[in-house]
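See structure below.
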Amino acid sequence: MGPLADPRLILRDEELDSGLELILLAEAALWAAVDAALEAEGPGLGRSHWRAAFLLRRRPGVGVQDLSKLTSLSKQAASRTLSDLQRLGLAQKAPGDLDARRRPAALTPEGLAFEARVAERLRGLLARAYRTGGLDGVAGTRRILAALAGPRQGVGPARREVG
């Protein structure tokens, strides 16, 4: 149990299954919004491209290895995704400081615009959900999601807030 865990909280399998069901349904709703936004972007861009672009905006300097760890993509798939973004002019890779094989990536201005267009739909969904949950619900939801994300939160360059 973590330091904030309440030992009085006893969850039955049915409650946990209900939570898992809601997570799966919420994930489906979020990916449907991503898919709809990607349709407007034209062919060649998929979920992995947006996911990589989002993480590059939040964590500039992420490379293939970190992207693989953050997303559970294979290193080959993460490399292909970053290469696609670079080929489309949405990302650029810099030479690695210590190791030429580790090339940090960052979004170009076009990549930032692409990521923002897709994320705008998701922010709207999340804002409506947070408003439904109320002030206490936002903090509780963030704690739950952070616990589920676990050590992935510490992968790669430090996260930064971008306006």
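The numbers here are math on the coordinates, done by the rules we state, and not lab data. Predicted model only: the values in this text are computed from it and were never measured. Cβ coordinates were reconstructed from backbone atoms using ideal geometry, including for glycine residues, and neighbour counts include every protein chain displayed.
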ask   = To the nearest 0.05, how large is the calculated FRET efficiency for residue 93 and residue 138 if R₀ is 45 Å and r is the Cβ-Cβ distance?
value = 0.80
query = When the C-alpha atoms of the stretch 31-73 are aligned to their principal axes, what extent does each axis show, in angstrom, from largest down?
reply = 28, 18, 17
key: Between 0 and 90°, nearest 10: helix 75-87 axis offset from the chain longest Cα axis   = 60 degrees
note = Most exposed first, judged by fewest Cβ atoms within 10 angstrom, 48, 72 run 72, 48
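So what's the convex hull volume per residue for the Cα atoms of the stretch 3-80, in Å³?
Looking at the stretch 3-80, the number lands at 144 Å³ per residue.
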task = Specify the longest stretch of the chain that does not include any exposed loop site, a site being one of the trypsin sites (Lys or Arg not before Pro) with a non-H, G, I, E, B DSSP assignment and at most 10 other Cβ atoms within 10 Å.
result = 13-100
task = For n ≥ 4 DSSP H runs only, could you compute -39500 (n - 2.57) per run for the chain, divide by its residues and tell me the 222 nm figure to the nearest 500?
result = -22000 deg cm²/dmol
Virtual spin-label span in nm between residue 108 and residue 123, 7 Å along Cα→Cβ = 2.3 nm
The stretch 18-149: radius of gyration and largest Cα-Cα distance (Dmax), Å = 16.1, 48
